[in-house]
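The values are calculated or read from the model by the stated rules, or taken from the named source; none is laboratory data. A quick note: this is a predicted structure, and the numbers were derived from the prediction, not measured. No Cβ is skipped: glycine too gets one built from the backbone with ideal geometry, and neighbour counts run over all protein chains shown.
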Amino acid sequence: MTETTKAKQLLADALGLAPSEIGQDTSFESCNSWDSLAHFRVVAAIEEILGRQLSPTEIFEMADFASIETLLAEGDLDGTTGM
C-alpha cells in the first residue's frame, strides 16, 4: 500500500469520510470534519502505525494531507510502518 493510499484511508477513517473525498487539498482549514477531536484520531492512528509518539512539533505541523503522507513515507524509510 502506498503512502498516498495509507494517508487517504487514515484521514477518511478519522474524519468519517470516504477515501474518495480525501485529496491533496484536504486540510484542517478546508475540511469541516477535521476538528480537534478528528485531529486527535489522526495523531493516534499515525502513532500506532509508526510505533512511536509524535513530537509536539509533528502534531502541530500535521495539518494537511501532504504532511501526513510525508510523515508516513518517513516512517517507511525507517522501516517502522506496518499498515
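Observations, loosely collected:
- For region 2-42, the candidate set comprises residues that are of a type outside the set (Gly, Ala, Ser), assigned to a helix (DSSP H, G or I) and in contact with a Leu (Cβ under 6 Å, 6 or more places away or on another chain); within that set, the residue that is modelled with the lowest pLDDT is Glu3.
- Residues that are surrounded by 14 or more Cβ atoms within 10 Å (Cβ to Cβ) and touching a residue at least 24 places away in the same chain (Cβ under 8 Å), drawn from region 28-38: Phe28, Ala38
- Residue within region 49-61 that is touching a residue at least 40 places away in the same chain (Cβ under 8 Å), assigned to a helix (DSSP H, G or I) and surrounded by 12 or more Cβ atoms within 10 Å (Cβ to Cβ) present: yes
- Once region 62-76 is narrowed to residues that are of a type in the set (Gly, Ala, Ser) and in a helix (DSSP H, G or I), the residue that is surrounded by the most Cβ atoms within 10 Å (Cβ to Cβ) is Gly75.
- Filter pass, Thr81 being buried (at least 18 other Cβ atoms within 10 Å of the Cβ), at pLDDT below 95 and among the β-branched types (Val, Ile, Thr): yes
- Of all residues in region 20-46, those being within 13 Å of Glu69 (Cβ to Cβ) and not acidic (Asp, Glu) number 7.
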